[in-house]
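Let me begin by presenting the structure, written as structure tokens, before commenting on it.
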Amino acid sequence: MNSRTSARRKLLVGQININNLLGFAFGVTFVAVMLVFATQYPNPTPSQLFTFVVVLGLAAAGVGAILPGVLGIEWKGPGGVPAIRAGGALALFVLVFLFRPTIEGATVKFVPPAASPEPIALSYLAASDSGNITQAWSELDDAAKGIVIGSRDDMERMYKDFVTRLGQVQSRKLMGTGGAESPPGYPLGLYRVLNYRTKFANDGGKCRLEAVTVRATQDLIWKVFSHLISPTTIDC
């Protein structure tokens, strides 16, 4: 073997880093998987969507491992305290997760359920009116638990502190509905707000406004997301 051939081989060996090569191979593989997901699951469920974001992050990290340059990110939590610091391929993975809400919002296309949301709202209200907090809690959207209300005990405490003082429901009339899709600050989904005018026994002939918000995702099932009762009364 002459010196020129030996030098060329050393140069080639020096240019190939096995870690970068494997990272790139994994990245390309994950990109291929994403293409399959995109064609086979055009409207993914929440669990599938989480898997997509993870795979997308791994693909970005794998491809980014061989790109020249330096990337570093720092995300600060409450109070300005650094919560995440990452560099290189890991930074790309974290970056994908930081943009997760935007990615999810652009990926999912929600279809309104064929069923009316009112029976779901009335079932929840019936449980609340009767003081069956366990039933009312079970009918609450899982996405609302810990966001709208912390726990079943919190729900029962709020019921005892406020709702029981109002007395029995004497009448409840649906006044109108509203809706939105994935409003800012809320979990993704279709939202419908059912507004009621409700008369309670202890309000001296007055009424209160009630708002029951229901939410549906790709499972096409309405679930109660929140229930609000106005602290002030109005004429019936």
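FYI, it's all coordinate maths here, none of it is from the lab. Because the structure is a prediction, the values reported are computed rather than measured. Glycine also receives a Cβ, built like all others from the backbone with ideal geometry; neighbour counts cover every protein chain displayed.
Assign one of three labels to segment 136-181, namely rounded, prolate or oblate, based on the Cα gyration tensor with a ≥ b ≥ c the square roots of its eigenvalues; rounded applies when a/c is under 1.5, prolate when it is not and a/b is larger than b/c, and oblate otherwise. It comes out oblate by the Cα gyration axes. So which of K109/K145; K145/K206; K109/K223 end up more than 20 Å apart, counting from Cα to Cα? The answer is K109/K145; K145/K206. For segment 118-229, the alpha-carbon radius of gyration amounts to 1.05 times the rule-of-thumb value 2.2 N^0.38 Å expected for a compact globular protein.
Scoring 211-218, 91-98, 157-164 by mean Cβ neighbours within 10 Å over their residues and listing the highest first yields 211-218, 91-98, 157-164.
Please give the peptides 180-187, 54-61 ranked by average Cβ packing (other Cβ atoms within 10 Å per residue), highest first, as a rough proxy for protection. Please list the in-between numbers first.
On the way: 180-187: 13.0, 54-61: 20.2.
Packing proxy ranking, top to bottom: 54-61, 180-187.
Peptides 189-197, 143-151 ordered by packing proxy, namely the average of other Cβ atoms within 10 Å per residue, highest first: 189-197, 143-151.
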